[in-house]
Structures are given as structure tokens and as C-alpha cells.
Amino acid sequence: MPKRAGSGKRFPVGSFAVFFFLVAVAGLVYFQTDLFWPGSPERGLSGLVSVRGSVSLERLALSDQEIAAINRAVAQYRDTFSKVDLVVDTVGHEEEITPSTVLVFAVELQTNGDLVVKSWSRKIPRGDMVSQLVGYMGKAAREYKEFKRFPDVKQNFKTLYI
């Protein structure tokens, strides 16, 4: 009996969809995290970030993951903020900065216009500083976008505190 064309086994469509879903998730994980990087993919903190105050960038001793998180946030909000200034001081005199060291921390974000978005100073443990910065940048970007909707108000302010 002759074989009919197309009568062989078929690859199930569901398996095909699951395969491509897994490839997409793997790609997302690979490019959005530092999970597969043995060393730091970053050479250092973005040139758009500066640190002022009594605690220098070197004393903060940012980890590769913290540098990557800051750089990702800076890149994500690059169209909104052209410069990120961190103002970091210690509470009292601290020789060594550890994750539990309490810091006085504030952020100043220069917009692409002539407005500066600032946070109020707050006391936080060093271990929470990067997550606070990244979260603040997201919140500041949303608030600034809302603020820009009112051009008559915008022209009366040079600093926006969030």
C-alpha cells in the first residue's frame, strides 16, 4: 500500500508553544538579571551618577549587583533624568560602612529641563540604600510625568520635592 503524503507523526502545537515560551523566559532572565554573569557585566557606576556628602563612593563599597541595579534604573529613566546626585552622610562618626550602618540619604534628579526633583533626607541602613534609590527613581519619574501635564504650574517651580 502506498504511503500518503503528510501521514507521518506531527509535532504537537502545544509542545511547540511551550518550547518557545521557555526560550522567551530564558532570554528575559538572561538579559534582565546578572544570574549568568560570573563577573560584573558593568565596569562601574554610570557617568550620570555622582555621590556627594561625607561618605564617598568608595566607602559605600557597592557590590556588582548594586551597581548593575543602579545602572539599569539610570538607563530606564534616562529620557526623564539627565543626572543623578546621591547625597550620603553618616549618623555620627563611622569608620567602616556596613549593611547595618545608618546613613542620611537624599537624591537629586536633574531633569532634561531646568527642574530638579529632590527627595527629603531620610535615615536608612546602608543595606537598603540601593533599593530605596531605584524605587525612588521610579516614583519620581511617575510624579514628574504627572507634574509636566500642567505647564502653567511647571513654570513657577525650579525644585520638585517628592
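Choose one of Thr101, Pro125, Tyr136: the residue whose Cα lies farthest towards the positive end of the charge dipole of region 49-161 (beta-carbon charges +1 Lys, Arg; -1 Asp, Glu; about the Cα centre).
Of the options given, the answer is Tyr136.
How big is the accessible area of Lys83 in square angstrom, nearest 10, if you roll a 1.4 angstrom probe over the protein chains?
It works out to around 80 Å².
Looking at region 35-162 from every direction and averaging, what is the projected area of its Cα convex hull in nm²?
Averaging across all directions leaves 8.4 nm² for the Cα convex hull.
Go through region 102-115 residue by residue and turn each phi into a ³J(HN,Hα) via Karplus (6.51, -1.76, 1.60, θ = phi - 60°); whole Hz please, and just put x for glycine and proline.
Taking θ as phi minus 60°, the curve returns 7, 10, 9, 10, 9, 10, 10, 10, 7, 7, 6, x, 10, 9 Hz for region 102-115.
The values are calculated or read from the model by the stated rules, or taken from the named source; none is laboratory data. Note that the structure is predicted; figures quoted are calculated from it, not measured. So basically every Cβ, Gly included, is an ideal-geometry build from the backbone, and we count neighbours across all protein chains shown. Keep in mind that these areas ignore ligands, DNA and RNA; they rest on the heavy atoms of the full protein, side chains included. Shrake-Rupley method; radii C 1.70, N 1.55, O 1.52, S 1.80 Å.
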